[in-house]
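The structure appears right after this line, and notes come after that.
FYI, it's all coordinate maths here, none of it is from the lab. This structure is a prediction, so every number in the text was calculated from the model and none was measured. Here the Cβ positions follow ideal geometry from the backbone for every residue, glycine too, while neighbour counts run over all protein chains shown.
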Amino acid sequence: MQGTAKTPEMTHEYFMREALTEAQSAANREEVPIGCVIVFNNQIIARSSNMLEESQDPTSHAEILAIKQASEVIGSRRLLDCTLYVTLEPCPMCAGAIVNARIPTVVYAASDPKAGACDTLYSITNDSRLNHRCTVHSGILAEESANLLRTFFKSLRNKTD
């Protein structure tokens, strides 16, 4: 039997699972479990997870760190043919960096009702007033991502009780 072609949903799921692996790595280091991978030509060229606590740098979000890595790999600040996968909807800072990096496609797992800047609270990645817009896909492995976040924050609350 011939191999079946991967559908975009299957590809999105594959790369989102890689982002979830990064998120789990963050949780293991007691960082908020958010993971990100950036894909170019169907290959992961950058991966990261949140490092805010470890670095004590408020810009050390998974997306920002992965964008920096990908820019080094590509040799350009413009990530024109890349797709960014992240386990939680990007915040305004990260959405701004995505726009500035000219990333054409963003795929995120869980929506963020407190800081979501792609769909939920803001639509920075699709604001016609800006010089670049992104195609955004959401909900890929959303429940897995949301469960990881819930478990992490429940564990934190239990430690402080």
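Rounded to the nearest 5, what % of DSSP beta bridges with both residues in region 1-125 are antiparallel? Don't jump to the answer; show the numbers that get you there.
On the way: 11 of 16 bridges.
The antiparallel fraction comes to roughly 70 percent.
Could you rank the peptides 69-75, 59-65, 129-135 by their average count of other C-beta atoms within 10 Å per residue, with the highest value first? All intermediate terms of the calculation are to be shown ahead of the outcome.
On the way: 69-75: 15.7, 59-65: 22.7, 129-135: 13.6.
Ranking the peptides 69-75, 59-65, 129-135 by packing returns 59-65, 69-75, 129-135.
Could you work out the helix-only [θ] at 222 nm for the chain, with each DSSP H run of four or more residues adding -39,500 (n - 2.57) and the total divided by the number of residues, to the nearest 500 deg cm²/dmol? If you can, show how the numbers build up before the last one.
Working: 5 runs with 66 residues, N = 161.
Roughly -13000 deg cm²/dmol at 222 nm, from the helical runs in the chain.
Read phi for every residue in region 33-42 and hand back ³J(HN,Hα) as whole Hz from Karplus 6.51 cos²θ - 1.76 cosθ + 1.60, θ = phi - 60°, with x for Gly and Pro.
x, 10, x, 9, 10, 10, 10, 9, 6, 6
How many angstrom lie between the Cα centre of region 18-35 and the Cα centre of region 55-123?
16
Please list the non-local residues whose amide H lies under 5 Å from the amide H of Ile45, H modeled 1.01 Å from N, same-chain partners needing a gap of 5 or more.
Under 5 Å from the amide H of Ile45: Ile38, Val39, Phe40.
Any idea which of Leu65, Leu80, Pro92 is furthest toward the positive side of the dipole for the chain, if Lys and Arg beta-carbons carry +1 and Asp and Glu beta-carbons -1?
Value: Leu80.
Under a cut-off of 12 Å between alpha-carbon atoms, report the aspartates and glutamates in cross-link reach of Lys114, not counting same-chain residues fewer than 8 places apart.
Those aspartates and glutamates meeting the cut-off are Glu89.
What is the set of long-range amide H partners of Val107 at a cut-off below 5 Å, with H atoms built 1.01 Å from backbone N?
Counting only residues 5 or more places away or on other chains, the set is Leu84, Tyr85, Val86, His137.
In terms of modelled amide H atoms, which long-range or inter-chain residues lie less than 5 Å from the amide H of Asp112?
Those lying under 5 Å, H to H, from Asp112 are Glu89, Thr120.
Counting C-alpha atoms alone, how compact is the chain: give Rg to one decimal and Dmax as a whole number, in angstrom.
15.4, 57
Using +1 on the beta carbon of Lys and Arg, -1 on that of Asp and Glu, and nothing else charged, what's the dipole of the chain about the Cα centre, debye to 20?
Dipole magnitude for the chain comes out near 260 debye.
Putting +1 on Lys and Arg Cβ atoms and -1 on Asp and Glu Cβ atoms, find which of Asn50, Ala101, Leu121 reaches farthest to the positive end of the dipole of the chain.
Highest projection toward the positive end goes to Ala101.
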